[in-house]
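Here's the structure we're looking at; comments come further down.
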Amino acid sequence: MFDFHPQLKQRFAALRTGADFFSLRYVRESGQYLSVRKNVAEPPSLRRDEGAMLTVRVNGVEAYAATNDLSQTGLQAALEKAEQQARQLKPHALLDLREQRVSSDRADYFSPNLDQPFPSLSECYELLDAESAAVPKDERLVNWQVSIGITHVEQIYLSSAGAELRQAQRFVYPGLDVTAYDGNDSQTRSLGRENFGQQGGADVINRCGLIGAGPKVADQALQLLLAPNTPQGPRDLLLMPDQMMLQIHESIGHPLELDRILGDERNYAGTSFVKAQDFGHLQYGSKLLNVTFDPDIPEQLASYGHDDDGVAATKQFLIKQGLLLRPLGGALSQFRAGMDGVANSRACSWNRPPIDRMANLNIEPGDQPLAQLIGNIEHGILMSTNRSWSIDDARNKFQFGCEWGQLIENGELKGVVKNPNYRGVSAQFWKSLSAVGDADTFQVLGTPNCGKGEPNQVIRVGHASPACVFSHIDVFGGEA
Amino acid sequence: MPLSNPANSQAESFKALVKGLREAIREPEQFTLSYGAESSAFVRFNHGKVRQAGQVQQASIGLKLISEGRHADLDITLTGEAQVDQQRLAEGLQQLRETLPLLPQDPYLLLNHNGWQSNNVQAHPLPDTEHVVGLITRAAVGLDLVGFYAAGPISRGFASSAGAFGWHQANSFNFDFSLFHENGQAVKASYAGHDWSADSFTRRFSQAREQLELLGRPLRTLAPGQYRAYLAPAALEEIMGLLSWGGFSAQSIASKSSPLQKLYAGDQSFSPLVSIDERVSGSLSPAFSGEGYPRSDLKLITQGRADAQLVSSRSAAEYGLTANGASGYEAPSALNMAAGTLPDADVLKQLGTGLYISNLWYLNYSDQPGARMTGMTRFATFWVENGKIQAPVSTMRFDDSAFSLLGSQLEALTQERELLLSASTYSQRATDSALLPGALVSKLTLTL
């Protein structure tokens, strides 16, 4: 681990520049994606990636150069390119960063269980083969796939201010999906995949529930195929954690990103219905809503010690008892906006610059067991597992769809319904939060697929949540 | 900041890697080797100034090793130093050699044994980035411009143990930008291609500026309901982009996850006005796939009826089809939709009263097997009455089936088409493009 660190330190020390400040962020990533589809092993997809980004500040102007050439010459050339660019762009620069503080922290961070070896390739394929074979034989089951993705990342951050930060992480993504087809309609039920990723080792596969899941997931796909469409109209909506994560992500996470509020993303990812002056004043949701930026849950996908600008990450309430307190803004955005934020300046790899990203964005558990959440609903619906997401560029008007729906009548779970969709407006939706599940309903989830930024970046984010109930939400089903 | 043009040296480096690999391969091993590299200038703008700027130099290879019916893939980042890269390739080869015995034979392995050759190099010089930044910031004086400029050379290569060799290199730029009115409304535009012209840039910028003035009128808020609508090419591109996500894929169609499965089953059709090709010839994307097949033009939809599917080698083996150069994802990269007969100049008149929609945003499915989709209006959507633009419209959500929008409710497609070059830069700069007309539809359902 960190075997390149001594060489990198030596080369960093030998770099020469006229910049006021410079940093180097080295990333080495390796990974494998293994899958078995319909009992046939697909060829493994392996990767090794390595490179570095040099960032400079010259007279308050920042510029970067990323390079795949890690030799002394290559790093020096990148540094000079960045410095030259910073000097040339001075007349056109939006920001003057001369007064912005930089980090000089030194620390290491490791994923949990990193010292424990991951199951071998053969063992992984044995597991995938077994789970694929466990999907029952039914001619309506037309497709199924079981997969495990593993990514190892080592990152080293060095700066001219003396910062020296190392982190070594392992991310695991188990997944299973089954599609059923009746000659007209098709329905897919899944476990894990884009909804479940964690840091750790083989323990992640166990926590995901992949082992032994084939028959149940297949049965649910068949149940959906036979189910009626979700009825249209207002209902109380019980969202399970694997849909809550998407709801949190799209209608709390993105609108609270400070770079969006500052306008950086208006050409691509969009803006926000939240304004800078709303922090400390806006009642974002009901009193039951408590939202945290939490880098301290070890297995959660975006737990880390420092962000990619070298700032120490600590747990912070963004929303407390429904009141909006703090944005998702890293050190640079905090400097620009003159407000406190969190350590969430992150880059997806060595070849992209850090920007404000969600990391772990969670809803704190409440006090109601699942049975009580259901028992208190007179006319409602349970929805689980996101499958469709769409929201406006200000992150306000949304429509989301789930794989699994179950009607709730007079406090009891009733029949399964297919194509469960709902729509709403973020600015009102969270005020309809009427019950929050207890710690037993709380799940630590995450996705590797959050897209944002120019140049585009896709990054890992974690979302942990209890089951939650929202009153009087517009729900509807499918069909053209 | 002149952008270097390393195409020749990259081609030579790739050839050297291929040569080394051919020498290292032992019977009965076979290989395919793909290559991708770019040297990019990236400049973000906000409020008419440079928000973030940098340069990225990257190169990688994708090695597939095949032996006795088993195969595995490994992507490796290169450094540009010949000796280090040969070493990385050798280590990668060893890793795959150790991996293959752990795998079962793959019944869907299908190799292309043709030793085809392809070479396409376009080395038109690109302007100096600082010069472009100066032009943009001067044009943006007094305006709230936000956007992104990406430029530089892109290289793609392919070689196989069967003797195939392909090389594709092109210089390109893409300035994707928005102009914001103080009321929060915005117009989106882009200027992209190979040959930067100050006049063309000024013309494109002026067009966007003219539209911006219309956005200053008081905002109209619409109630949910059904409206006549004109979808400009960029809006239609969003719909086609969503449908392309598995829509034409042989595996998705066979495994019943394609949104166009009812079209391919013959249970649904689009309007006879709709004909869609994958037109590789003349596009910006390479004439060969990453898995080693030459790509040719394909008719995907002909007069509203399903035609060819996009078939990767794996799907070809699994479903008994013929591989046609599709990538592993089986998604189109050079969509070409046939023009209609409605002149651009008559669009407002033919629309009469309804919505003029410049862009759509964030589309996804309400019911995928039914191709029912939802999404938002974004950028320069106008309310039109009696053929005249009246007011910008506040953001609205639509929810409709593609079989309605491009089928029963499609009135006309425009004579003129727009070439839309992808501004996507996930992992690397995209070479995808779409040549699309605008679409006049008699009914678009707004829900929120």
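Taking the stretch B:65-87, which residues are more than 7 Å from chain A (Cβ to nearest Cβ), touching a Ser or Thr at 6+ places or on another chain (Cβ under 9 Å) and surrounded by fewer than 21 Cβ atoms within 10 Å (Cβ to Cβ)? Matches in the stretch B:65-87: B:Arg70, B:Ala82, B:Val84.
Just give me the residues in the stretch B:353-398 being in a strand (DSSP E or B) and at the interface with chain A (Cβ under 7 Å from one of its Cβ atoms), in sequence order. Walk me through how you get there before you give the answer.
To start, the set of residues in the stretch B:353-398 that are in a strand (DSSP E or B) comprises B:354-357, B:360-367, B:372-377, B:381-385, B:388-393, B:397-398.
Within the stretch B:353-398, B:Trp361, B:Tyr362, B:Leu363, B:Asn364, B:Tyr365, B:Ser366, B:Asp367, B:Arg372, B:Thr374, B:Gly375, B:Met376, B:Arg397 qualify.
Within the stretch A:36-53, is even one residue polar (S, T, N, Q), more than 8 Å from every other protein chain (Cβ to nearest Cβ) and assigned to a strand (DSSP E or B)?
Of all residues in the stretch A:36-53, those polar (S, T, N, Q) come to A:39, A:45.
From what's left, more than 8 Å from every other protein chain (Cβ to nearest Cβ): A:39.
Retained after the next criterion (residues that are assigned to a strand (DSSP E or B)): none.
Within the stretch A:36-53, none of the residues are polar (S, T, N, Q), more than 8 Å from every other protein chain (Cβ to nearest Cβ) and assigned to a strand (DSSP E or B).
The set of residues from the stretch A:403-412 being more than 26 Å from the chain's Cα centre (by Cα) and within 17 Å of A:Asp242 (Cβ to Cβ) comprises just one member, A:Gln406. Filtering the stretch B:155-182 to residues that are free of Cβ contacts under 8 Å to residues at least 60 places away in the same chain, aromatic (Phe, Trp, Tyr) and closer than 30 Å to B:Pro392 by Cα leaves B:Phe175, B:Phe180.
Tell me yes or no: at least one residue of the stretch A:6-26 is closer than 26 Å to A:Pro117 by Cα, in contact with a helix residue (DSSP H, G or I) (Cβ under 9 Å, 6 or more places away or on another chain), crowded, with 21+ Cβ neighbours inside 10 Å and assigned by TED's automatic domain parsing to the domain that holds A:Val135. Taking every residue of the stretch A:6-26 in turn, at least one turns out to be closer than 26 Å to A:Pro117 by Cα, in contact with a helix residue (DSSP H, G or I) (Cβ under 9 Å, 6 or more places away or on another chain), crowded, with 21+ Cβ neighbours inside 10 Å and assigned by TED's automatic domain parsing to the domain that holds A:Val135. Within the stretch A:426-447, being within 14 Å of chain B (Cβ to nearest Cβ) and at pLDDT 95 or above holds for A:Ser426, A:Gln428, A:Phe429.
Identify, from the list B:Gly340, B:Gly407, B:Gly438, B:Gly370, the residue that is modelled with pLDDT under 95 and within 25 Å of B:Leu260 (Cβ to Cβ). Let's see the steps before the verdict.
Values: B:Gly340 fails: modelled with pLDDT under 95; B:Gly407 fails: modelled with pLDDT under 95; B:Gly438 fails: modelled with pLDDT under 95.
Going through B:Gly340, B:Gly407, B:Gly438, B:Gly370 in turn, just one is modelled with pLDDT under 95 and within 25 Å of B:Leu260 (Cβ to Cβ): B:Gly370.
In the stretch B:290-305, the count of residues that are assigned to a loop (DSSP other than H, G, I, E, B), touching a helix residue (DSSP H, G or I) at 6+ places or on another chain (Cβ under 9 Å), at pLDDT 95 or above and not basic (Lys, Arg) is one or more.
Here are A:Ala66, A:Ala93, A:Ala41: which of them is over 29 Å from the mean Cα position of the chain (by Cα) and either modelled with pLDDT under 95 or small (Gly, Ala, Ser) (or both)?
On the way: A:Ala66 fails: over 29 Å from the mean Cα position of the chain (by Cα); A:Ala41 fails: over 29 Å from the mean Cα position of the chain (by Cα).
Every option except A:Ala93 fails the conditions.
Please verify whether B:Arg204 is in a helix (DSSP H, G or I) and not aliphatic (A, V, I, L, M), treating the condition exactly as stated.
Numbers: in a helix (DSSP H, G or I): yes; not aliphatic (A, V, I, L, M): yes.
In short, yes.
If you go through the stretch A:316-329 one residue at a time, do you hit one that is closer than 30 Å to A:Ser471 by Cβ, out of contact with any strand residue (DSSP E or B) (no Cβ under 8 Å at 6 or more places or on another chain) and in a loop (DSSP other than H, G, I, E, B)? Checked against the condition, which is being closer than 30 Å to A:Ser471 by Cβ, out of contact with any strand residue (DSSP E or B) (no Cβ under 8 Å at 6 or more places or on another chain) and in a loop (DSSP other than H, G, I, E, B), the stretch A:316-329 yields at least one hit. Counted as qualifying within the stretch A:58-161 are the strands (runs of 3 or more DSSP E) with 1 or more residues that are closer than 25 Å to B:Arg88 by Cβ, namely A:61-67, A:141-159.
Test B:Thr377 against the criterion of being buried (at least 22 other Cβ atoms within 10 Å of the Cβ), among the polar types (S, T, N, Q) and over 30 Å from A:Leu225 (Cβ atoms), and give yes or no. Give the derivation first.
Values: buried (at least 22 other Cβ atoms within 10 Å of the Cβ): yes; among the polar types (S, T, N, Q): yes; over 30 Å from A:Leu225 (Cβ atoms): yes.
Against the criterion (buried (at least 22 other Cβ atoms within 10 Å of the Cβ), among the polar types (S, T, N, Q) and over 30 Å from A:Leu225 (Cβ atoms)), B:Thr377 qualifies.
Identify, from the list B:Leu89, B:Leu96, B:Leu109, the residue that is farther than 30 Å from B:Asp176 by Cα, part of a helix (DSSP H, G or I), touching a Gly at 6+ places or on another chain (Cβ under 7 Å) and not small (Gly, Ala, Ser). Result: B:Leu89 is the single residue among B:Leu89, B:Leu96, B:Leu109 that is farther than 30 Å from B:Asp176 by Cα, part of a helix (DSSP H, G or I), touching a Gly at 6+ places or on another chain (Cβ under 7 Å) and not small (Gly, Ala, Ser).
For residues that are under 14 Å from B:Thr445 (Cα atoms) and touching a Phe, Trp or Tyr at 6+ places or on another chain (Cβ under 9 Å), scanning just the stretch B:406-426, find the one that is nearest to the other protein chains (Cβ to nearest Cβ). So the residue we want is B:Leu406. Contact map, the stretch A:62-87: first residue more than 7 Å from chain B (Cβ to nearest Cβ) and free of Cβ contacts under 8 Å to residues at least 40 places away in the same chain, second residue hydrophobic (A, V, I, L, M, F, W, C) and in a loop (DSSP other than H, G, I, E, B), Cβ cut-off under 8 Å, separation 6 or more or different chains; pairs are A:Glu62/A:Leu95; A:Glu62/A:Leu97.
For the stretch A:454-469, does any single residue satisfy the condition of being under 15 Å from A:Leu237 (Cα atoms) and in a strand (DSSP E or B)?
Among the residues of the stretch A:454-469, at least one is under 15 Å from A:Leu237 (Cα atoms) and in a strand (DSSP E or B), which makes the answer yes.
Scanning the stretch A:187-202 for residues that are under 13 Å from the mean Cα position of the chain (by Cα) and either within 14 Å of another protein chain (Cβ to nearest Cβ) or of a type in the set (Gly, Ala, Ser) (or both) returns A:Arg193, A:Glu194, A:Gly197. Just one of (1) farther than 22 Å from A:His463 by Cα; (2) buried (at least 23 other Cβ atoms within 10 Å of the Cβ) fails for A:Asp278. It is (2).
Matching residues to (1) among the charged types (D, E, K, R); (2) touching a Ser or Thr at 6+ places or on another chain (Cβ under 8 Å):
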position: A:Pro420; (1), (2): no, yes
position: A:Lys431; (1), (2): yes, yes
position: A:Ala435; (1), (2): no, no
position: A:Lys452; (1), (2): yes, no
position: A:Ile459; (1), (2): no, no
position: A:His463; (1), (2): no, yes
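The values are calculated or read from the model by the stated rules, or taken from the named source; none is laboratory data. From a predicted model like this one, the values you see are computed outputs, not experimental measurements. Heads up, the Cβs are rebuilt from the backbone with ideal geometry, glycines too, and the neighbour counts pull from every protein chain shown.
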